[in-house]
Each structure stands twice: as C-alpha cells, then as structure tokens.
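Since every read-out is calculated from the coordinates, none of them should be taken as a lab result. Everything quoted here is computed from the prediction, not taken from an experiment. Cβ coordinates were reconstructed from backbone atoms using ideal geometry, including for glycine residues, and neighbour counts include every protein chain displayed.
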Amino acid sequence: MVYKNLMRLIAYTLLSLLAYGQLVAEQPKDWQLGFQKSASKSMSDIVLFHDYMLLPIITAITVFVLFLVIYACIKFRATKNKIASQTSHNTTIEIVWTLVPCLILIIMAVPSFKVLYSQDKVPPADVTVKAIGYQWYWGYEYPDENIIFDSYMIEDKDLKANQPRLLSVDNEVVVPVNKNIKVLITANDVLHAWALPSFGVKRDAVPGRINETWFKADRTGTFYGQCSELCGIKHAFMPITVRVVTDEEYKKWLLEAKEKFAKEIIEKDYKVVKKFKEKDLR
C-alpha cells in the first residue's frame, strides 16, 4: 500500500512539473522542463514527435528495464540461489531483443525523417535575412532591401522594463507573420550557431561557408534565442531576438530601417576610407 502511494506521488509530481513547464514556456524560464511554446509548423511537428512518439517509447523502455532489474534482484538474490545458474544463452530471447529494438527504431525513423525533410526543404522565400556571427554579437543583412546592422546584447544596467536579461538586443530582427523567411547563416571568425527554439531552428555558422534554413512564424510576438556553439569567453552574451509583426508594421519598419541603417553604413564607410587615407599619407 505504501509502495503504491509513493509511486502515485512520484507520478503526480512529474506530471505537474511537465504541465508547469508547458504553461510558462512562452520564453525561457527558470527551472523550465518543457519546450518553449511553438511559433511555427516546424516546431509544432517537433513537439508532437517528442510528446507522442519519443516520450511514450522512452517511458515504456525505462519502466520495462526498471522492472527487469527489480525482478532480477528479488528472484536471483543470493539468499534464494545458493548455486548460480549455469545458463549460457537463450536463442529466443536473443532474437527478440535484437528484433524489437530494430522495430522501435524503424517506427521512430518514419516521422523523424518527415520532420527533418520539412526543415531542410527551403520553400520560395518572401523575405531573406543573412545572419553573420562575430565574437561576440550578430550582424544581419536584408540583401533584397539593402539593410545592414549589428545586434548587440543590452547590458544589465541599460535594460528597460519587461526586457529579459541576457536575451534583449539593441537591434532586433524584424520579419512579417505568415511569410516564408529564409535565413542565410555564416560566421566571420569562429564557429557559432543561430538557434531559435520557438521556430525549431538551429544551424551552425561556419566561417567561409553559408548554411541556410527557414521558418514561417504563425503568430506575432518577440522570440528569443542564443548562440548555441561554444565560441569563446563571451559565448553566453550572444542573444538572438526576432520580432514578428504584421505586414503593415513590417512595411513601416522597412522604411525606418532603410533610413536608419543607411546612415550607419555611410558613417562606417566614411571612417574606413578616412582610415586608409591617413595610412597612405603616412
């Protein structure tokens, strides 16, 4: 009776923690157990595959193995078995424990390949964004719009109300909702990784190479990610912030961004040209 009550308590506790993780997962939270709330079909497919395929199989295997261990400890304990069994093998059992894992892997592979294929097949893009990893910030380009800017983490002393620590940036990536967004990803120095959990996106940023991925946000909002490849002492200070807006808001942002970042480009180019001229004069 005590054993059953203990098992019920453990089960209720685990279920409560999992449910809590799902409820608070709009953005990363302390002690979060579940995924962040999905904001794209790709991430929804990943969550479904995890919750309704992987978790049941993992739970069943764990319970089965635990049962076998407990059963073996009780049945074959030394006090009940003065003479050890001399059994060398069992052909039937060996066939079963070979075929069953193969069958489980095949069952898992079919939906897994479907999810992977949907992520790797990039549809025609409505908006293209290029993400460039630097030590330790991200640079972004909108090739079709001639927009270029850098995105740095906002330090603690400069944070405003409702801006999450270590995730907020000075210049956000802005994209329209329900549009195919193609992301070209590379790096300028060392390996980085551009990752956004809510969109089910993670791609390595490799110097001298361009990887690509895509997402289609199905709701507006601000979504956070981070560099997910160890890249140096400030690896933890390379957040990624993507703001998904309506078409009207995106068009308005484009007009403002073209003016704002065009000025920055001109100023940067001027400084570079001036620097080279000073070197030539010397």
Could you please rank F261, F76, placing first whichever residue has the fewest other Cβ atoms within 10 Å of its Cβ?
-> F76, F261
Please say if the stretch 35-120 is rounded, prolate or oblate, where rounded means a/c under 1.5 for a ≥ b ≥ c the square roots of the C-alpha gyration tensor eigenvalues, and otherwise the choice is prolate for a/b larger than b/c and oblate otherwise?
-> oblate
Cα centroid separation - the stretch 34-60 against the stretch 88-120, whole Å | 19 Å
Can you give me the relative contact order of the stretch 199-243 as a percent, contacts being Cα pairs under 8 Å and 6 or more apart?
-> 33 percent
Ranking of S40, S112 by count of other Cβ atoms within 10 Å, fewest first = S112, S40
The farthest towards the positive end of the charge dipole of the stretch 24-160, of the residues V127, I57, M108, given +1 on Cβ of Lys and Arg and -1 on Cβ of Asp and Glu, is I57
Beyond 24 Å (Cα-Cα) in this structure, taken from K130/K202; K121/K216; K182/K251; K216/K252; K160/K202, we find K160/K202
Which of I240, I147 comes first, and how do the rest follow, when ranked by fewest Cβ neighbours within 10 Å?
-> I147, I240
